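Below is one structure, written out as structure tokens; comments come after it.
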Amino acid sequence: MIKWAGWIITLCGAAHTLGALTVEKAARHAGTWFSGGLWNEDLADMSPAGSAYWLSLESFGIPLILVGLTVLWLDRRGINPPAFIAWTLGSWTVVDAVILPFTPWPIFLLACALLLIGARRSRRDDLAPEAGLPRA
């Protein structure tokens, strides 16, 4: 379950970033980004290049990729990811669902649930022999 959660989180982040750069055509503004065209950008009155930058490279996509890959890295080493990762991402997902109901938030909520359930089961299995509890 933890592995599935890590892959879903990673793929959601990658899909958002790559989709913004390609499908939404944010990458066409790269010349403006790298030439200093956003240095005096007013966030209250963003240009199309500024908006495209915040949608793609400065969005949540890249951090989600890092979180997902960290979850996978921890799982490969037999380390339970801390529950605060799932709770924080889950809370963020619920806020997103309220504000933007027509986003793929159910997929992300599934990843959070898998992460919580997988971590709980793994911790329970790790504690069972020491506590004298039967394994499920």
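The values are calculated or read from the model by the stated rules, or taken from the named source; none is laboratory data. Everything numeric in this text was worked out from a predicted model, so none of it was measured. Virtual Cβ from ideal backbone geometry, glycine too; neighbours counted across all protein chains shown. Heavy atoms of the whole protein, side chains included, go into the accessibility calculation; ligands, DNA and RNA do not. Shrake-Rupley method; radii C 1.70, N 1.55, O 1.52, S 1.80 Å.
Observations on the model:
- Reported count of residues in the stretch 53-75, each being among the acidic types (D, E) and open to solvent by less than 70 Å² (accessible area, probe 1.4 Å), is 1.
- Within the stretch 1-28, the set of residues being of a type outside the set (A, V, I, L, M) and open to solvent by 30 Å² or more (accessible area, probe 1.4 Å) comprises K3, W4, W7, C12, H16, T22, E24, K25, R28.
- Of residues in the stretch 35-73 being of a type in the set (G, A, S) and touching a residue at least 24 places away in the same chain (Cβ under 8 Å), the one farthest from W87 (Cα to Cα): A52
- Of the residues making up the stretch 76-88, those that are assigned to a helix (DSSP H, G or I) and either open to solvent by 50 Å² or more (accessible area, probe 1.4 Å) or free of Cβ contacts under 8 Å to residues at least 60 places away in the same chain (or both) are R76, A83, F84, I85, W87, T88.
- Test result for D126, at pLDDT below 95, under 20 Å from K3 (Cα atoms) and in a helix (DSSP H, G or I): yes
- Test: residue in the stretch 54-66 that is over 15 Å from I8 (Cα atoms), modelled with pLDDT under 95 and assigned to a helix (DSSP H, G or I): yes
- Here A113 fulfils each of the conditions (1) surrounded by 17 or more Cβ atoms within 10 Å (Cβ to Cβ); (2) over 20 Å from T17 (Cβ atoms) apart from (1).
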